1. Hey, quick one: spin label on Asn79, modelled 7 Å out along Cα-Cβ, who in the range 45-66 has an amide N within reach, i.e. under 16 Å?
2. Please give the length that would be gained between Tyr118 and Glu139 if that part of the chain were fully extended, namely 0.36 nm times their separation in residues minus their C-alpha to C-alpha distance (nm, one decimal).
3. Going down the list Lys66/Lys154; Lys12/Lys133; Lys130/Lys154; Lys12/Lys130; Lys84/Lys148, which pairs span over 30 Å between their C-alpha atoms?
Amino acid sequence: MIITEQHLEQLKEPLPLKWRVKNLIPDNKNPKQMILIGFVDARQVQDRFDKVLGAANWQDEYYECKGKQFCKIGVKIGNEWVWKGDSGSESFLDPGKGETSDSFKRAAVHWGINRDTYELGEITINCVMKDEKPVPVNECGNILSGEKLLEECKRISSLHESDLIFDKTVLPAKKIEKIQDLNIEKPKRVRKPTVILP
């Protein structure tokens, strides 16, 4: 099988998301909102690589660098292996396994897999109690799941303000009253030599 641009584009097609509830607001007893994080698991990513590229045309390698777990994923394009990688973070439930899985999924993002989920970020959505468990709802109070939940999370995400970065000329930094506050030595003044003409 020869890997083409079309194959690489197919890797980017959205995967069905799973949702992790990060927090309930104001508390666990009577929540009004929940903070959701969309994710896919490592098996979904492996299946995507197998289905689109074939098992013989991709591989992964793991290594540690500066105390962090890294994964790099190679895709055979023509006669060469092209590698892309990233590091992972420990998970709360299983730190070692979670870091390995996270590094794999993050490396896959460099190939376009599940990139759209990272753009969603954390979503705060309304919720109600059903069968003693909180469930997400839209503004009308309709319970959400599957594609409808994803659509609502995308809508909420699009409402978030963008981060603003101000240029110094637009919003200058505060003046420092005393140079001693910075704990640095005050630079010595360099005098220009006086030129005396004959």
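Here, each number is a calculation from the coordinates, and none is a lab measurement. Note that the structure is predicted; figures quoted are calculated from it, not measured. Please note: Cβ atoms are built from the backbone with ideal geometry, for glycine as well, and neighbour counts cover all protein chains shown.
1. Once the point is set 7 Å along Cα→Cβ of Asn79, nothing inside the range 45-66 turns out to lie under 16 Å by backbone N.
2. Here the answer is 5.2 nm.
3. The answer is Lys66/Lys154; Lys12/Lys133; Lys12/Lys130; Lys84/Lys148.
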